[in-house]
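One structure is given here, and the rest of the page talks about it.
The values are calculated or read from the model by the stated rules, or taken from the named source; none is laboratory data. Here the structure is a predicted model, which is why all the values come from computation and not from measurement. Cβ atoms come from the backbone with ideal geometry, glycine included; neighbour counts cover every protein chain shown. To get the accessible areas, we keep the full protein, side chains included, count just its heavy atoms, and leave off ligands, DNA and RNA. Shrake-Rupley method; radii C 1.70, N 1.55, O 1.52, S 1.80 Å.
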Amino acid sequence: MRHLMSPLDLSVEELDKILDLANDIEAHPEKYAHACAGKKLATLFYEPSTRTRLSFEAAMLNLGGSVLGFSSADSSSATKGESVADTIRMISCYADIAAMRHPKEGAPMVAAAKSGIPVINAGDGGHQHPTQTLTDLLTIRSLKGRLSGLTIGLCGDLKFGRTVHSLINALVRYEGIRFVLISPEELRLPDYIREDVLERNHVPYTEVVRLEEALPTLDLLYMTRVQKERFFNEEDYVRMKDFYILDKKKMKLAGPDMLILHPLPRVNEISVEVDDDPRAVYFKQAQYGVYVRMALILTLLEVKVC
Ligand code: NCD
């Protein structure tokens, strides 16, 4: 039985297979409409979510399966003091696969150790968010045609943004990737990723504060919101929250093929006037999230569709 805690739980070959499957699902959705008939997905969300939870549920429904779960810790027995280890033992009796989001780093891993069914990490604190990474990789590969030879700008809250942490882990395995890390001093990428992932893998990167400086050099800009819920005090958040605002004027500095991705939700960091720019692909990215979660569910449940 396999779980997905980090993108590194999948080899590059396995990842390619999941992305190929997701592209086939996009092209022939009817082939997969009953692939998970009789199977159940549990969504165990101890932290708010719109896209991740609903795209998991849509994915399972598109496969002909059904879903059950809770969407906040308040509506689960966590309020009575139940541990995630005990909860997953119960859920293993009710469902075939589970997706778990938790504010504590490592909680899905604790659950996986006690689980009788595959567990997918749907975001654990500021740590990892592997299914967002699958979504990002599918978006990049489908729209750019490759996952190698790209200069990628990561902008915003690089300290607490788990989507950025997972994406870096996944992308360093491809040839010719270079990163431009764009953040205020206080929200720089943590040392454990800079040193243990970028430097250890000899991946070139630069760090800049000004977005304008980076824009002309990028193949892809990955914007993120400042992660309000991970700040210790409100003042620091208020000071940081509008540090970057990508607008039409700044987009003039970018190349004609520079894609803009964002895991969403967007707050103020991308002005709505940018949404009509053909380079803005963040809503399309959310659609890819459904296909890739379908592919992941099929893979972890070992369901083959001919
Ligand atoms: C992200 C998350 O939860 O980390 N959202 C998502 O899953 N698409 C990004 C965010 O909340 O900023």
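Looking at (1) within 16 Å of the ligand (Cβ to nearest atom); (2) out of contact with any Pro (no Cβ under 6 Å at 6 or more places or on another chain), find the lone condition where Val238 falls short.
Failing condition for Val238: (1).
In this structure, does Ser142 turn out to be in a helix (DSSP H, G or I) and open to solvent by less than 20 Å² (accessible area, probe 1.4 Å)?
no
How many residues does the stretch 281-306 hold that are closer than 21 Å to Asp20 by Cβ and either in a loop (DSSP other than H, G, I, E, B) or among the hydrophobic types (A, V, I, L, M, F, W, C) (or both)?
So the answer is 16.
May I ask you to list the residues in the stretch 217-230 that are open to solvent by less than 40 Å² (accessible area, probe 1.4 Å) and away from the ligand (no atom under 13 Å from the Cβ)?
Those that are open to solvent by less than 40 Å² (accessible area, probe 1.4 Å) and away from the ligand (no atom under 13 Å from the Cβ): Leu218, Leu220, Leu221.
Considering the stretch 73-89 alone, what residues qualify as being open to solvent by 50 Å² or more (accessible area, probe 1.4 Å) and within 16 Å of the ligand (Cβ to nearest atom)?
none
Let's see how each residue does on (1) open to solvent by 10 Å² or more (accessible area, probe 1.4 Å); (2) more than 16 Å from the ligand (Cβ to nearest atom); (3) at negative phi; (4) not in a helix (DSSP H, G or I):
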site: Ile152; (1), (2), (3), (4): no, yes, yes, yes
site: Leu158; (1), (2), (3), (4): no, no, yes, yes
site: Val164; (1), (2), (3), (4): no, no, yes, no
site: Asn169; (1), (2), (3), (4): yes, no, yes, no
site: Glu195; (1), (2), (3), (4): yes, yes, yes, no
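For the stretch 2-45, which residues satisfy the criterion of being open to solvent by less than 40 Å² (accessible area, probe 1.4 Å), touching a helix residue (DSSP H, G or I) at 6+ places or on another chain (Cβ under 6 Å) and within 26 Å of Pro103 (Cα to Cα)?
If the condition is that a residue be open to solvent by less than 40 Å² (accessible area, probe 1.4 Å), touching a helix residue (DSSP H, G or I) at 6+ places or on another chain (Cβ under 6 Å) and within 26 Å of Pro103 (Cα to Cα), then Leu4, Met5, Ser6, Pro7, Leu41, Ala42, Thr43, Phe45 are the ones that fit.
To keep it simple, each residue is scored yes or no on (1) modelled with pLDDT of 95 or more; (2) among the hydrophobic types (A, V, I, L, M, F, W, C).
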residue	(1), (2)
Tyr46	yes, no
Ser49	no, no
Ala58	yes, yes
Leu63	yes, yes
Phe70	yes, yes
Ala73	no, yes
Glu82	no, no
Glu105	yes, no
Met109	yes, yes
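Only one of Gly289, Gly255 is out of contact with any His (no Cβ under 6 Å at 6 or more places or on another chain) and away from the ligand (no atom under 16 Å from the Cβ). Can you tell me which?
Gly255 is the lone residue from the list that is out of contact with any His (no Cβ under 6 Å at 6 or more places or on another chain) and away from the ligand (no atom under 16 Å from the Cβ).
Which residue, of Ala112, Ala42, is away from the ligand (no atom under 16 Å from the Cβ), under 25 Å from Val12 (Cα atoms) and within 20 Å of the chain's Cα centre (by Cα)?
Ala112
Out of the residues in the stretch 92-103 that are under 24 Å from the mean Cα position of the chain (by Cα) and of a type in the set (A, V, I, L, M, F, W, C), state the one that is surrounded by the most Cβ atoms within 10 Å (Cβ to Cβ).
Per the criteria, the residue is Ala99.
Table: residues versus (1) open to solvent by 80 Å² or more (accessible area, probe 1.4 Å); (2) within 22 Å of Thr50 (Cβ to Cβ).
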site: Phe243; (1), (2): yes, no
site: Met251; (1), (2): no, no
site: Gly255; (1), (2): no, no
site: Met258; (1), (2): no, no
site: Leu261; (1), (2): no, yes
site: Ala280; (1), (2): no, yes
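Show the residue pairs that are 6+ apart or on different chains and have beta-carbon atoms under 7 Å apart, the first residue being within the stretch 46-72 and closer than 23 Å to Thr163 by Cα and open to solvent by less than 30 Å² (accessible area, probe 1.4 Å), the second being part of a helix (DSSP H, G or I) and modelled with pLDDT under 95.
As it stands, the answer is Tyr46/Ala73; Tyr46/Ala78, since those pairs meet every condition given.
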